[in-house]
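First comes the structure, then the notes that go with it.
The values are calculated or read from the model by the stated rules, or taken from the named source; none is laboratory data. Predicted model, so just to flag it, every value in this text is computed and none were measured. Neighbour counts are summed over all protein chains in view; Cβ atoms, including those assigned to glycine, are modelled from backbone coordinates with ideal geometry. The area values use the complete protein model at the heavy-atom level, side chains included, leaving out ligands, DNA and RNA. Shrake-Rupley method; radii C 1.70, N 1.55, O 1.52, S 1.80 Å.
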Amino acid sequence: ISSEEALLHKAFNPRSDDITLRLEVTLTDIYLCKKVSVTLDRRKACHDCHGAGKIVIQCRGCQGNGIRLSTIQTYPGVFHQVPHECMHCSGSGHAGNGACPTCGGRGIAIAQKKLDLRIPHNCRDGQDLVFEGLGHHLPGEEAGDAVIIFRVAEHPKFSRKGSHLYTEREISLSEAITGLQMPLETLDGRKLWVRSSGTISPGCIRCIEGEGMPVPTMHQRHIGYGNLYIKFMVVFPDRLDRETCERLKEVMPATSRPLDIDRSREDVEEARLRDYDPTSQPSYGQDESEDEYDGPPGVQCVQQ
C-alpha cells in the first residue's frame, strides 16, 4: 500500500488508540518461555446503549407495550377488557430518552480483556509484542492494537549476549592451581557440578557447551542452546608466612627472568613494590585531559 493510500485510509477510517503495557521479565522467565497473563483496560462502545449514550425509557403506564387494557361492563354483571392505545406514550411504549446508567451518557465504557501469552525465547529488553485489534475501540473507529513492551530485569548472577550466558565466579589460589570443583545452579534450577583439572589463570574464561539460552526458530521451538561462559576471578591470600613461601618455591617453577645483576654496583638500586592507591598520587601538573591510570590491566584467556 502506498503512503497516499495509507493517508486516505486513515482519513476515512479513523483508528482508536493502542494500549501499551510494559511487562518486566527475568532471564529465568525467558529461558522457560514462561506463560503470563495481563489485563487490558479497553475503552469501547457501551454494551447497553451501543455507544449512543442514551437509552429508551420505558413507559410506566403500559410497561412498554404501548397498549393498555380497560375494563368495561357490557351487561349487568358481565365485564370485558378492551385494549386501547396508551394515552401516556401514544402507543410507542416509551416515554422518551435518558442517559445510559452504565456509561453515564458518554457512550463509552471500560471493558477488561484478559490476555494470555508466552514470553518468547528471543525476548530482548525493549522488544515489543503486538496483538492486532485488541486496543481501544471507540464507536465509528477501527480498533487499535495491544502492544506489550518487555523490560528484562538484570540478573544477579548471569548476563546475556545473544544465545550465550556469561557469569563470574571467585575461586581461591589453591583451586586455580590444583584444580576446581564447584556447584553451579542453572536458570531452570538444575545443579551442575563443575570440574576442572588444569590450572586457571586470573581472568580466564572457560566454556560449558549447551548451557546457555535456548536458540529459537520462527515458530518458537528451540533447536538447541547457546553456551555458558564463566570468567574466573582468582582471590589471592593477603599474606603468606615464610614457611609457606619456601614450600611454594620448592614446588612452583623457577622464574624465567635472568638475575645476572651485580647488586653491589653503585648504579644498582633496590626498589620495593607497594600497593597502588590512585587517590594518594600527586598530579604534578598532569594534563587533566589525559586519561587517569586505573591500575594494571587484567589478564584474559579464552578456552573452550
Which number in (1) assigned to a strand (DSSP E or B); (2) open to solvent by less than 30 Å² (accessible area, probe 1.4 Å) marks the one condition that Ile55 misses? (2)
Could you please give the count of residues in region 250-260 that are assigned to a loop (DSSP other than H, G, I, E, B) and either modelled with pLDDT of 85 or more or not small (Gly, Ala, Ser) (or both)? 7
From Arg239, Arg263, Arg247, which residue is basic (Lys, Arg), at pLDDT 75 or above and loosely packed, with under 10 Cβ neighbours inside 10 Å? Arg239
Restricting to region 125-140, name every residue that is in contact with a strand residue (DSSP E or B) (Cβ under 7 Å, 6 or more places away or on another chain) and open to solvent by 60 Å² or more (accessible area, probe 1.4 Å). Asp125, Asp128, Val130, His137, Pro139
So in region 58-110, with the set limited to residues that are among the basic types (Lys, Arg) and over 29 Å from His136 (Cβ atoms), which one is surrounded by the most Cβ atoms within 10 Å (Cβ to Cβ)? Arg68
Within region 146-163, is even one residue closer than 17 Å to Met233 by Cβ and either in contact (Cβ under 8 Å) with a residue 60 or more places away in the chain or of a type in the set (Gly, Ala, Ser) (or both)? yes
Could you list, in sequence order, all residues of region 164-179 that are among the aliphatic types (A, V, I, L, M), in contact (Cβ under 8 Å) with a residue 40 or more places away in the chain and closer than 30 Å to Leu248 by Cα? Ile171, Leu173, Ala176
Give me the pairs: first residue in region 130-141 and closer than 13 Å to Ile108 by Cα, second residue at pLDDT below 90 and part of a loop (DSSP other than H, G, I, E, B), beta-carbon distance under 6 Å, and six or more apart or on different chains, which are they? Pro139/Gly51; Glu141/Pro14
Under 30 Å from Leu184 (Cα atoms) and surrounded by fewer than 16 Cβ atoms within 10 Å (Cβ to Cβ): does that describe Lys113? no
Does region 25-52 hold any residues that are in a strand (DSSP E or B) and surrounded by 16 or more Cβ atoms within 10 Å (Cβ to Cβ), and which are they? Val25, Leu40, Arg42, Arg43, Lys44, Ala45
Qualifying position, being under 30 Å from Gly51 (Cβ atoms), modelled with pLDDT under 95 and charged (D, E, K, R), among Asp188, Asp128: Asp128
May I ask you to list pairs of residues, at least six apart or on different chains, whose Cβ atoms are under 9 Å apart, with the first in region 69-98 being assigned to a strand (DSSP E or B) and the second being charged (D, E, K, R)? Pro83/Arg68; His84/Arg68; Glu85/Arg68; Ala95/Arg60; Asn97/Lys54; Gly98/Lys54
Run Thr199 past the list (1) within 23 Å of Asp238 (Cα to Cα); (2) of a type outside the set (Gly, Ala, Ser); (3) in contact (Cβ under 8 Å) with a residue 40 or more places away in the chain and report the number of the one that doesn't hold. (3)
Residue list for region 141-164, restricted to those being open to solvent by less than 50 Å² (accessible area, probe 1.4 Å), within 15 Å of Leu187 (Cα to Cα) and in contact with a Phe, Trp or Tyr (Cβ under 9 Å, 6 or more places away or on another chain): Phe158, Ser163
